[in-house]
Amino acid sequence: MKTYIAQRLGIGLLTLLGMSIVIFGMLRLAPGDIVDILFSTGGYVNPVERVAIEKELGLDRPVWVQYLEWMRQILTGDLGKSYRYDLPAWEIIRPLIPVTLELAILSLIVSVALGVPLGVISAVRQDTPLDYALRVFSLAGLSMPSFWLGMVIILGLVAWIGWIPPVTYVSPSENFWLHAVQFALPSLAVGYRSSALIMRITRSSLLEVMREDYIRTARAKGQSGSVVIWRHALQNAILPVVTVIGIEFAFLIGGLVVTETVFNLPGLARFLVEAILWRDYPIVQNLVMFIAIVVIVSNLVVDMLYGFLDPRVRYGH
Amino acid sequence: MRRSRIVDAALSALAVLAAASLASAETPKSGGHLNLMQREDLSQGFAVHETSTIATSFPSMPCFNNLVVFDQTKRAETVENLVGELAEKWSWQDNYRNLVFFLRRNVKWHDGQPFTSKDVKFTFDMLREAPDAPAKLRINPRKDWYTNVEAIEAADPYTVVFRLKRPQPGLLVMLASGYTPIYAAHVNPAAYRTGCIGTGPFKMKEWRKGEFVDYVKNPDYFMKGRPYLDSLRYVVIKERGTRTAALQAGQLDVSFPGETTKTAAEQLKKAVPGLVITPVAQAVSDNIIMNTKKPPFDNLKVRLAVSYAIDRKALISAVHQGGAVPGASQQPKPYGVWGLLEKDLGTLPGYGKIEDMRAQARKLLAEAGITPQNPLKVEMSTRAIALYVDMASFVINELKQVGIEANLKQVETAQCHSMANRGEYQIGDNLTGLGVDEPDANYYENYACGSPRNYSQYCSEEVMKMIEQQSQELNPQKRLALVAALQKKVEADAARPLLDWRLDYFTVWPYVKGMVPHDNIYNFGRMADVWRDK
Amino acid sequence: MATRPLGVEAASVSLGLRRPGAWTVLARFCRKKPLGAIGGLLMVVMFLTAVFANQLATHDPIATDAGQSLARPGPDHWLGSDHLGRDIYSRVVHGARVSLIVGLASTLLGSVFGGIIGLLSGYVGGKTDLITQRVMDILQGLPLLVLALVMSAALGPSIPNVVLAISIPIIPRAARVIRASVLSIREMQYVEAARAVGLRHVRIAFRHVLPNTMGPFIVLCTAQLGSAILVEAALSFLGLGVPEPYPSWGRMLSVSAAEYAQKAPWLVLFPGLAISLAVFGSNLLGDALRDTLDPRLRGA
């Protein structure tokens, strides 16, 4: 087991390294940089001033030198300074993390709470109108653009009851109730979307397991139907569901980009879009790496859970 | 008939009550908090001198003071409405060659340091990039406002003299702009990018990036009894729909200058009839820039044809739903002092009957060798922002009617200015915000030879002479006439055909009192005179 | 080319049974998987709308008309008009073309490319497989939208760039699916038999292994198509996707729509519905195809 974890961590690190090069390269590919944007907020361009600012920000050095500098900074725990805000990147990123994390976790909870029971019902009542209705409902969530759903919710609210959830972030310590209201709608919107995949996997793995011989045997032995399902089947269907939850988590973060924008929540995802538009390299690079780390760690955790739950699985064919 | 005494008493009691309530409606109340809309996060914090965007200037207003400002309780921005902030008195001397300010005493910076003439000299030496300036701005967009300043003298702590190279009556008004606050001499200018040390009515308490800016009342503000409010919050909401919904739902009390279109205002009014909506001009114009250094737009006839082809009234109707007014290069009356009158506008390209205008355009193009057999294909660059794109789409349609095939090219904000600067464009639509309704600020910035904001790279000796001439003209009537001639000339040269001047439907909730929008989005919002009635 | 699980094919071949015709297969599919049939129908409608956009539209989708600003749905404008007076119905119809082109192109590009990588990686195995998988991990380590965002910003707004930006995150996902399929097929007896007979690897890979990955490949494509359409919509909504003047459903929902939505809810309603229906159709179809083509999940 230990070698397994060590191997996975090693691979994870390699992957991160590769990703850092990809992100670094792509960003530099993008036309225009922070200096261009600073000038555009000034409404003019001056080549002499431009050179001075580039020097100040270290953008005049060769690209590979900048990359190595970034790597060195990460190794010493320094995330660099935001080009736009002139402040340490960590200082700016830190308050965003709990918001996105909370939104992601709440959405995940909603998606599991919605997806698993619906999947079970759908599997048990396979091919009945209820099954179809539930599958359509679930698939609708997957098909709607999450920003559209969010927009419709907000505009509908303000049109009908003249109220919208708070547009400034309310922390739980400030006002728990208001905070709950603020996070409820976006988590529901995102969670509804993610629940589709979980429902589908729950349903199909449950169906598969239900066909297994030993289930039939248990039934033949006379154990009551629901006991059979809930105890035996669910235990074995957990495996793929856990895998999917892990995949979903990464998928979620993508959806959070637009949700945070529409609901005006100060999270990582929304900030990332801004930082990309501003070519704020330190912020974009470090944020993207952070997201990548979260994704890799969650994949690792899921794989480990998988390995723990199913002793037949091991790394390497 | 004798009225009973009870009725008498009742009537007089009513009269007293009525008088009292009327009076209380006028008497400002102290205390309270306001939430103002902020359309995007501050570009460079509170470094007003390093940006040219209202995203920085509006939320910075409460922090700073100018030497002089336009009266924040009156709408019109004229010389008569100038009010002293850090300057108590001022006077022109030596035939508008020297501008003397007598500064206010006992004014403190937010960190407790005293304000003196040193701060004024520091600020303006830095702005004009004087050779011995103690500090330098990283980006200095309004350097050309001060090219005429020879020296700034601060002989004693409460007197400042601006010595000019030649008479320039317009300089005073330029100092009243929201873009001309006074920086502290003891603070590194770069520090304004992250925080704000000013002398203004509010102290900056917290700037949570991407979320809001919080201000608290400055107890040591030089105006006794001001500000009325205890605190302010500028709430950052980038998403347009969410922003409007927040205003409608009462989570925001004040709209962002320039962000409320006519249609949005109608919608808001319908949903919340009590909202107070004031249509004002923004001092923001839409115009067309053309690269005058390369074909085909180096040819005056082609440029003029473009100007003729665009039906200004239709554009205002289509792109702004009527929320704009036609005008030439100065903001038209009654919103601006210098603008041409309606009757003079009618003679300019794009204002007459559309068929005549189009015929004229086609004639001009034919003279330039462009016919249906030899059509003109150009690329229209526009910023990747909805309003720009809408306008460009409209213009492209108009150009199609006279035989110019333009295809749209979206340019990201990051690139557009550098591309314009390098001349890597043919034609594009553009937005120009004027910091103040003063021809010197306008023409030196946008039409002078070699000015970095002169995106068309238009250069005409004749026009330069006209600009210089009007800048030195001391007689107001004569100057008006000179500026009128300048406007006509610039349109005749089609250097930067002007399309319209935008209106803003500034919206506040009814309990917000004393917030008077100006006909210029950059010069109001000091917030010292604003109070809450609830 | 419809494929059936190997056992049935082998059996029917060896028994000399005739293969059922295409129409019969289709009819059988519709009967067994009504939801999938609906999905297929939606996709066909979208496809036809895209192809015949010019004929189906009532107005020029980019022509503005000041007098008709924010007109209600009616005989002039079936789905109303936007603030510039452009006909929503025509824009939705032409938007189908844009969404379909971008969605299909990026899905096919990413899936084919990824599929080939997965096929070779899975078949060859060993070090090549290891390295390829790591590279795929790198690309897959980021959520689809985030990667597409960065790519889109890097490349700039234009249709080919958007296609590229969306296709790249699809490559690793496609590679993973195809590789898994290849790995399971590789060990199958008939492949061993082919090798025993002496057929060259390449031939085996493309002649025998590839056709049997078609099932998962088709499922993958339809699933990714939905994602691609959604990502394109999100990118356009954020301002980084398909640029003007091409009407894009996602961009129709940004800025102007939200601003005027209360006066003219049709601005927000119809493009969103269009996106939802298109993705819904592709998901339904994909689900049904997976049920049909993936032998493990075939109904008893």
Residue count, the range C:116-144 (criterion: closer than 19 Å to A:Thr15 by Cα, modelled with pLDDT of 75 or more and at the interface with chain A (Cβ under 8 Å from one of its Cβ atoms)): 5
Hey, B:Ala264 more than 18 Å from B:Pro59 (Cα to Cα), in contact with a Phe, Trp or Tyr (Cβ under 8 Å, 6 or more places away or on another chain) and at pLDDT below 90 or not: yes
Subset tally (residues that are away from chain B (no Cβ under 14 Å), touching a helix residue (DSSP H, G or I) at 6+ places or on another chain (Cβ under 6 Å) and either farther than 16 Å from A:Tyr83 by Cβ or at pLDDT below 85 (or both)) for the range A:24-38: 1
Qualifying residue in the range A:101-120 (condition: under 27 Å from B:Lys209 (Cβ atoms) and within 12 Å of another protein chain (Cβ to nearest Cβ)): yes
Some residue of the range A:205-214 being at pLDDT 75 or above and not hydrophobic (A, V, I, L, M, F, W, C): yes
Residue check for C:Asp76: at pLDDT below 85 and more than 14 Å from chain B (Cβ to nearest Cβ): yes
Selection from the range B:117-139 of residues that are of a type outside the set (Asp, Glu), crowded, with 19+ Cβ neighbours inside 10 Å and touching a residue at least 40 places away in the same chain (Cβ under 8 Å): B:Ser117, B:Val120, B:Lys121, B:Phe122, B:Thr123, B:Met126, B:Leu127, B:Leu137, B:Ile139
Test: residue in the range B:216-227 that is surrounded by fewer than 24 Cβ atoms within 10 Å (Cβ to Cβ) and within 14 Å of chain C (Cβ to nearest Cβ): no
Test result for A:Phe271, surrounded by fewer than 19 Cβ atoms within 10 Å (Cβ to Cβ) and either modelled with pLDDT of 75 or more or facing another protein chain (nearest Cβ under 9 Å) (or both): no
Single residue of the range C:149-191 satisfying the filter (hydroxyl-bearing (Ser, Thr, Tyr) and under 27 Å from C:Gly239 (Cα atoms)) that is modelled with the highest pLDDT: C:Ser167
Residue match in the range A:26-37 (condition: small (Gly, Ala, Ser) and in contact (Cβ under 8 Å) with a residue 24 or more places away in the chain): yes
Where A:Glu49 falls short, out of the listed (1) free of Cβ contacts under 8 Å to residues at least 12 places away in the same chain; (2) surrounded by fewer than 17 Cβ atoms within 10 Å (Cβ to Cβ): (2)
Of all residues in the range B:115-153 being basic (Lys, Arg) and away from chain A (no Cβ under 14 Å), the one that is nearest to B:Glu468 (Cα to Cα): B:Arg128
Test for A:Tyr315: is it surrounded by 22 or more Cβ atoms within 10 Å (Cβ to Cβ) and either at pLDDT below 85 or of a type in the set (Ser, Thr, Tyr) (or both): no
Some residue of the range C:270-278 being facing chain B (nearest Cβ under 10 Å) and either out of contact with any helix residue (DSSP H, G or I) (no Cβ under 9 Å at 6 or more places or on another chain) or not β-branched (Val, Ile, Thr) (or both): no
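Conditions tested, residue by residue: (1) within 12 Å of C:Pro245 (Cα to Cα); (2) surrounded by 23 or more Cβ atoms within 10 Å (Cβ to Cβ); (3) of a type outside the set (Phe, Trp, Tyr).
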position: B:Thr371; (1), (2), (3): no, no, yes
position: B:Ala392; (1), (2), (3): yes, yes, yes
position: B:Gly403; (1), (2), (3): no, no, yes
position: B:His417; (1), (2), (3): no, yes, yes
Looking only at the range B:13-52, and only at residues there that are within 11 Å of chain A (Cβ to nearest Cβ) and farther than 21 Å from B:Glu211 by Cβ, the one that is modelled with the lowest pLDDT: B:Ser52
The range A:137-152 - residue that is of a type in the set (A, V, I, L, M) and at the interface with chain C (Cβ under 7 Å from one of its Cβ atoms) and, of those, surrounded by the fewest Cβ atoms within 10 Å (Cβ to Cβ): A:Ala140
Cross-chain or 6+ apart pairs with Cβ under 6 Å, the range A:75-89 first and more than 14 Å from chain B (Cβ to nearest Cβ), then surrounded by fewer than 20 Cβ atoms within 10 Å (Cβ to Cβ) and not in a loop (DSSP other than H, G, I, E, B): A:Leu79/A:Trp90; A:Gly80/A:Gln73
Lone unmet requirement of (1) without any contact (Cβ under 8 Å) to a residue 24 or more places away in the chain; (2) farther than 22 Å from B:Thr432 by Cβ; (3) within 14 Å of chain A (Cβ to nearest Cβ); (4) not polar (S, T, N, Q) for B:Ala55: (2)
Set C:Ala258, C:Ala288, C:Ala233: member being buried (at least 24 other Cβ atoms within 10 Å of the Cβ), in a helix (DSSP H, G or I) and either within 14 Å of chain B (Cβ to nearest Cβ) or modelled with pLDDT under 85 (or both): C:Ala258
So A:Leu96, is it within 14 Å of chain B (Cβ to nearest Cβ), surrounded by 18 or more Cβ atoms within 10 Å (Cβ to Cβ) and not hydroxyl-bearing (Ser, Thr, Tyr): yes
Residue satisfying condition, being touching a residue at least 24 places away in the same chain (Cβ under 8 Å), on the phi > 0 side of the Ramachandran plot and not aliphatic (A, V, I, L, M), within set B:Gly350, B:Gly369, B:Gly336, B:Gly323: B:Gly350
Conditions (1) farther than 28 Å from B:Arg233 by Cα; (2) of a type outside the set (Gly, Ala, Ser); (3) touching a residue at least 24 places away in the same chain (Cβ under 8 Å); number of the one not met by B:Val107: (1)
Residue within the range B:242-254 that is at pLDDT 95 or above and within 14 Å of chain C (Cβ to nearest Cβ) present: no
Of the criteria (1) within 29 Å of C:Leu238 (Cα to Cα); (2) in contact (Cβ under 8 Å) with a residue 12 or more places away in the chain, which one B:Asn397 fails: (2)
The range A:238-268, residues that are surrounded by 22 or more Cβ atoms within 10 Å (Cβ to Cβ) and free of Cβ contacts under 8 Å to residues at least 40 places away in the same chain: A:Gly254, A:Val257
Test: residue in the range A:39-62 that is away from chain B (no Cβ under 14 Å) and more than 20 Å from B:Ala190 (Cβ to Cβ): yes
All positions within the range B:72-104 that are touching a strand residue (DSSP E or B) at 6+ places or on another chain (Cβ under 8 Å) and of a type in the set (D, E, K, R): B:Arg75, B:Glu77, B:Glu85, B:Glu88, B:Lys89, B:Arg97, B:Arg104
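The values are calculated or read from the model by the stated rules, or taken from the named source; none is laboratory data. Bear in mind that the values here come from a model prediction, so they are computed numbers and not experimental data. Glycine also receives a Cβ, built like all others from the backbone with ideal geometry; neighbour counts cover every protein chain displayed.
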